[in-house]
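Take a look at the structure set out below.
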Amino acid sequence: MQIHRIPVLLDNYIFLLHDRLSNTAAVVDPATAKPVLQKLDALGAELVAIFNTHHHSDHIGGNRELMRRFGNVTVYGGAEDRGRIPGQQVFLGEGDRLEFGDRKAEVFFVPGHTRAHIAYYFPPTAPEETGELFCGDTLFAGGCGRLFEGTPAQMVSSLSKLRALPDRTRIWCAHEYTLKNIQFALTVDGNNPHLQQRFAKVKEARGRREATVPSNLGLEKQTNPFLRWDDPAVQSAVNSSDPVQTFARVRGRKDLF
Ligand code: ZN
Ligand code: FE
């Protein structure tokens, strides 16, 4: 499975999964159709699936047009998003499985950013492979999604599921927010040497207009304050020893950052 990253709008990423054997493709969170159609054209591939993580317009905006162009497209989304995702045909919940090409994926129910958000995880099929996590607006490189429809406790439980995956898992999040996230992270975890190193790297990469996505889970566990609710330094930065309260306070500060 080849993964192509397509930058769209201001800071969104669409991910196009290409199975070269069958020459079919799937697309994760198509904000717009046109750049997806261009990529499919360049690959000569047929679109067979749309994997939506949640209903926000910058994740589903291209659904209708892509369905018009490819009659065989199946639209996947969270069961709780019924009625909110254009063209949705498959209603997924925690632990559901699906297949694309020669890869199988597992679904995580990760409410918090929205009440219906799901993530798609493709485990590695060989020891040298990485797992691939498509997590929409739940986990970002260096950050996490805003809590529009969920509580801090829900988000901690959702992020805990993702945090339990292998460190090598690649994190394909839907926005290029990394630099601002890391700048914020330094305000609650500034003595963390891994975070300081990451800041330097991300600043350079963004200076060259390079993407910082995908990230990987090992790095996120070391540097992302929204996965570090049980870290003493992050806890003391927000005067709490309670994981959910720590997360909530860090999230609250980020909302104002
Ligand atoms: Zn969103
Ligand atoms: Fe978004």
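The values are calculated or read from the model by the stated rules, or taken from the named source; none is laboratory data. Worth saying up front: this structure is predicted, and the values here are computed from it rather than measured. Neighbour counts are summed over all protein chains in view; Cβ atoms, including those assigned to glycine, are modelled from backbone coordinates with ideal geometry. The accessibility values were calculated without ligands, DNA or RNA, using every heavy atom of the protein model including side chains. Shrake-Rupley method; radii C 1.70, N 1.55, O 1.52, S 1.80 Å.
Key figures for this structure:
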{"read-out": "Nearest-ten-degree value, helix 243-256 long axis tilted from longest Cα axis of the chain", "value": "80 degrees"}
{"read-out": "Alpha-carbon Rg/Rh ratio, for region 114-246, with Rh computed the Kirkwood way", "value": "0.95"}
{"read-out": "Residue with peak Gaussian network fluctuation, the chain [Cα springs, cutoff 10 Å], from Asp58, Asp11, Asp19", "value": "Asp11"}
{"read-out": "Protein accessible area in the chain, 1.4 Å probe - carbon and sulfur %", "value": "49 percent"}
{"read-out": "Computed FRET value (nearest 0.05) for Val244 with Arg208, which takes r as the C-beta separation and R₀ as 45 Å", "value": "0.70"}
{"read-out": "Mean accessible surface per residue for region 145-257, computed with a 1.4 Å probe while every protein chain stays in place, in Å²", "value": "48 Å²"}
{"read-out": "Distance between region 178-194 and region 43-118 - C-alpha centres, whole angstrom", "value": "32 Å"}
{"read-out": "The chain - mean residue ellipticity at 222 nm from DSSP helices (-39,500 (n - 2.57) per run, n ≥ 4, rounded to 500)", "value": "-10000 deg cm²/dmol"}
{"read-out": "Where N is the number of residues in the chain, Cα Rg divided by 2.2 N^0.38 Å", "value": "0.99"}
{"read-out": "Cβ crowding within 10 Å averaged over residues, with 35-45, 167-177 ranked highest first", "value": "167-177, 35-45"}
{"read-out": "Hull-based mean projected area of region 90-161, where the convex hull spans the alpha carbons, in square nanometres", "value": "5.4 nm²"}
{"read-out": "Largest-first ordering by accessible area, 1.4 Å probe, given options Ser22, Ser215", "value": "Ser22, Ser215"}
{"read-out": "Point-charge dipole on Cβ atoms (K/R +1, D/E -1) for region 84-147, about Cα centre, debye to 20", "value": "400 debye"}
{"read-out": "Selected from Arg209, Arg103, Arg64 as most flexible by GNM, with the chain as the system and alpha-carbon contacts under 10 Å", "value": "Arg209"}
{"read-out": "Separation of the Glu128 and Ala200 label points, Cα + 7 Å toward Cβ, nm", "value": "3.2 nm"}
